[in-house]
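Read through the structure below, which is laid out as structure tokens, and then see the notes.
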Amino acid sequence: MNIRRYEEKDRKVVIDLWEQCGLLASQNDPDKDIARKLKVDADLFLVGVVNNSVVATVMGGYEGHRGWINYLAVSPDHQRKGYGQSIMTAVEELIIAKGCPKINLQVRNTNQTVIEFYKAIGYGNDDVVGLGKRFEHDN
């Protein structure tokens, strides 16, 4: 798998991949999420490509205190090949290079398969409660 920065030509296939992987929730507009990401640390939005097809994505972020991971996805047809770990390593290296001391991420507590994946690559439960406040109510 070749890992590179997201390009605008990837938009439709990336959104389709997120849908296949169950990452889209009714409160999230993937087009808006992509547009926002491209304004802040666009270099941390990566795609993994196999045979000219996008099969993996990850959005990383760093706001000066903690790094964050969003939209990690690997096509169901390409899972269990090490692609998730590879794209995570790539984004982690970029975030660390910005001076980040720790990366956080959130996983729905019902998604045990993904929780086990993250545990396997070194992430642990921080025993915190994730809280959020939505400012945008329209999709």
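If I ask for residues that are surrounded by 14 or more Cβ atoms within 10 Å (Cβ to Cβ) and part of a loop (DSSP other than H, G, I, E, B), which ones from the stretch 110-126 would you list? First the steps, then the outcome.
Residues of the stretch 110-126 surrounded by 14 or more Cβ atoms within 10 Å (Cβ to Cβ): 114-115, 117-118, 123.
The one that is surrounded by 14 or more Cβ atoms within 10 Å (Cβ to Cβ) and part of a loop (DSSP other than H, G, I, E, B): 123.
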Can you tell me which residue within the stretch 41-80, out of those that are outside any strand (DSSP E or B), in contact (Cβ under 8 Å) with a residue 12 or more places away in the chain and surrounded by 15 or more Cβ atoms within 10 Å (Cβ to Cβ), is farthest from the chain's Cα centre (by Cα)? 78
Given the options 107, 129, 91, name the one that is part of a loop (DSSP other than H, G, I, E, B) and surrounded by 11 or more Cβ atoms within 10 Å (Cβ to Cβ). 107
Within the stretch 94-104, take every residue that is under 15 Å from the mean Cα position of the chain (by Cα) and in a helix (DSSP H, G or I) and give me the one that is nearest to residue 70 (Cα to Cα). 95
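Have a look at 37, 9 and point out the one that is among the basic types (Lys, Arg), at negative phi, outside any loop (DSSP other than H, G, I, E, B) and in contact with a helix residue (DSSP H, G or I) (Cβ under 9 Å, 6 or more places away or on another chain).
Numbers: 9 fails: in contact with a helix residue (DSSP H, G or I) (Cβ under 9 Å, 6 or more places away or on another chain).
Only one candidate qualifies: 37.
FYI, it's all coordinate maths here, none of it is from the lab. Just so you know, these numbers come straight off a predicted model, no measurement behind them. No Cβ is skipped: glycine too gets one built from the backbone with ideal geometry, and neighbour counts run over all protein chains shown.
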